[in-house]
Amino acid sequence: MVPYSVSRSPTYIKSMPEDKNDLQKRLAEIDRQSQDQELAKAYRLSQKNMVTTVILSLFFPVGGYIYTARWKAMCIMFSILVGVLTVSTINENDEEKIDRLTTFWGAIIAVAASIDNSIAIQNARGKIDEIK
């Protein structure tokens, strides 16, 4: 009696391409879903009002990021702010100077957040226009 061998099994050989095709189909579906999610995100961002975004970002930078739902960008921006404030005030004992530095860097972040969110909206609108 000949021992069972996987390489001699006709069903194994026959099912191999089907499994490979199935995997390729699933990967293609995952890729399509990822593209659809990215497009939906761009569409939602493109529908945001630029003036509202700028006003929110200037007076309350977190508000601009919340309005545009750009969480990663918000975390990056505020990590930069905390880092800059820490470095610029680490050796300061004068509370008035620390307040001035905090106000200065807060204003810089507010302007940067306004510009960042506006550019993101503009890029999303461009992406949607390319598709149309």
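Label-to-label distance, residue 79 versus residue 55, with points set 7 angstrom from Cα along the beta-carbon direction: 3.2 nm.
Here the relative contact order of the chain, from alpha carbon pairs under 8 Å that lie six or more residues apart, stands at 35 percent. For the pair residue 99 and residue 72, the difference between a 0.36 nm per residue extended length and the Cα-Cα distance amounts to 7.0 nm. Of the GluC sites (Glu not before Pro) found in the stretch 30-132, the ones in coil according to DSSP and having at most 16 other Cβ atoms within 10 Å of their Cβ are 92. Within the same chain, aspartates and glutamates fewer than 8 places from residue 72 are excluded, and of the rest, those with a Cα less than 13 Å from its Cα are 116. Once the Cα atoms are used to define both axes, helix 10-46 deviates from the longest principal axis of the chain by about 20 degrees.
Which residue fluctuates the most in the chain, going by a Gaussian network model with Cα springs under 10 Å, if the choices are 87, 62, 111? So, out of 87, 62, 111, the one fluctuating most is 87. The length gained on full extension between residue 119 and residue 43, counted as 0.36 nm times the residue separation minus their Cα-Cα distance, comes to 25.9 nm.
What a 1.4 Å probe finds exposed on the chain is 62% carbon and sulfur by accessible area, rounded to a whole percent. Average accessible surface for the chain: 75 Å² per residue, computed with a 1.4 Å probe over protein heavy atoms with every protein chain in place. With contributions of -39500 (n - 2.57) from each DSSP H run of at least four residues, the per-residue ellipticity at 222 nm computed over the chain stands at -29500 deg cm²/dmol.
The values are calculated or read from the model by the stated rules, or taken from the named source; none is laboratory data. Quick caveat: nothing in here was measured; it's all calculated off a predicted structure. So basically every Cβ, Gly included, is an ideal-geometry build from the backbone, and we count neighbours across all protein chains shown. Heavy atoms of the whole protein, side chains included, go into the accessibility calculation; ligands, DNA and RNA do not. Shrake-Rupley method; radii C 1.70, N 1.55, O 1.52, S 1.80 Å.
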